[in-house]
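Have a look at the structure below, then the notes.
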Amino acid sequence: DTAVSQTPKYLVTQMGNDKSIKCEQNLGHDTMYWYKQDSKKFLKIMFSYNNKELIINETVPNRFSPKSPDKAHLNLHINSLELGDSAVYFCASSQLTGEQFFGPGTRLTVL
Amino acid sequence: GENVEQHPSTLSVQEGDSAVIKCTYSDSASNYFPWYKQELGKRPQLIIDIRSNVGEKKDQRIAVTLNKTAKHFSLHITETQPEDSAVYFCAAAVGGNNRLAFGKGNQVVVIP
């Protein structure tokens with residue numbers, strides 16, 4: 001009965017590879033987000049989609065490309081992975097201006 | 001601006017004492033202020049939130065106060081317990097209230 005789920009939970013890969021992280025929410029929310037949490041625990045928003053439309057796109061390298069096939073899913077594809085991409089990536093969802101529910105996180109390690 | 005500043009960055013308290021974390025924000029249009037708790041290796045989870053039409057909200061041992069004039073809000077935890085040890089994030093709705101700006105987090109350590 002998970003509200004916000006992400007796969008995979010752990011991802012270890014080599015520099016230069018391309019990888020995807022998937023997110024799904026069953027809360028009926030209109031808005032979904034991707035956050036990056038680095039080793040210092042800072043939570044930085046990367047993208048936000050509302051009803052499949054991109055509404056927030058922070059200063060993120062264009063190697064990162066979100067895709068929302070429907071309002072319950074928001075995937076994150078990363079091309080040409082770099083060491084600095086290592087972090088925990090959290091998906092979240094909300095009704096606009098309401099509580100954000102976070103997924104369990106995906107720990108990405110780039111070697 | 002849409003900055004949220006949070007301090008102190010680390011707070012150690014004896015079990016049973018109170019803990020207070022303060023945040024300031026810069027967007028005067030912000031009207032929603034949630035607090036999230038993140039335990040080690042877990043996801044951030046909402047513990048309490050407040051909207052700009054009230055000055056204080058309480059839920060058992062946790063309370064939040066909001067001063068809109070001064071643009072600051074605080075989290076108060078009373079009778080702290082070891083399970084309160086975690087990183088706490090404040091946030092404010094910004095950008096027309098369509099997203100949250102998070103503070104940098106505060107590591108609270110409750111010493112048994």
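Sparsely packed loop sites in the stretch A:23-111 (the trypsin sites (Lys or Arg not before Pro) outside DSSP H, G, I, E and B with at most 13 other Cβ atoms within 10 Å) comprise A:40, A:63. Across every pair of non-identical alpha carbons in chain B, the mean reciprocal distance, once inverted, gives a Kirkwood radius of 13.9 Å. Taking θ as phi - 60° and the Karplus parameters 6.51, -1.76 and 1.60, the scalar couplings of the stretch A:62-71 work out to 6, 5, 9, 9, x, 9, 10, x, 7, 6 Hz in sequence order, x denoting glycine and proline.
When we measure straight from the Cα of residue B:71, which aspartates and glutamates land under 18 angstrom away, once same-chain ones fewer than 8 places off are left out? In chain and number order, the partners are B:2, B:5, B:27, B:49, B:56.
Between residue B:56 and residue B:69, 0.36 nm times their residue separation minus their Cα-Cα distance comes to what?
On the way: separation 13, 0.36 × 13 = 4.68 nm, distance 1.40 nm.
Answer, rounded to one decimal: 3.3 nm.
Report the label-to-label distance for residue A:83 and residue A:42 in nanometres (one decimal), using points 7 Å from each Cα along the Cα→Cβ vector. That separation, rounded to one decimal, is 1.9 nm. Across the stretch B:82-89, rounded Karplus estimates of 3J(HN,Hα) from the backbone phi angles (6.51 cos²θ - 1.76 cosθ + 1.60, θ = phi - 60°) give x, 6, 7, 5, 4, 9, 10, 10 Hz, Gly and Pro being marked x.
Reducing the stretch B:21-44 and the stretch A:1-44 to their Cα centroids gives an inter-centroid distance of 20 Å.
Just to verify a number: FRET efficiency for residue A:99 and residue B:10, C-beta to C-beta distance, R0 = 25 Å, to 0.05? In this case the efficiency is close to 0.40. With both residues required to sit in chain A, DSSP beta bridges show an antiparallel share near 90%. Of all lysines in the structure, the ones whose alpha carbon falls short of 21 Å from that of residue A:22, not counting any fewer than 8 places away in one chain, are A:9, A:36, A:44, A:52, A:67, A:71, B:42.
What do you get for GluC sites (Glu not before Pro) in the stretch B:47-112 restricted to DSSP loop and a cutoff of at most 15 other Cβ within 10 Å of the site's Cβ? Passing both the DSSP loop test and the Cβ count: B:79.
Loop-located chymotrypsin sites (Phe, Trp or Tyr not before Pro) across the stretch A:69-111 with a Cβ neighbour count of 14 or fewer within 10 Å are lacking, with loop assigned by DSSP.
Farthest towards the positive end of the charge dipole of chain A, among the residues A:5, A:59, A:74, is the Cα of A:59, using unit charges on the Cβ of Lys, Arg, Asp and Glu.
Since every read-out is calculated from the coordinates, none of them should be taken as a lab result. Since we're looking at a predicted model, the values are computed, not measured. All Cβ positions, even for glycine, are placed from backbone atoms using ideal geometry, and neighbour counts span all protein chains on display.
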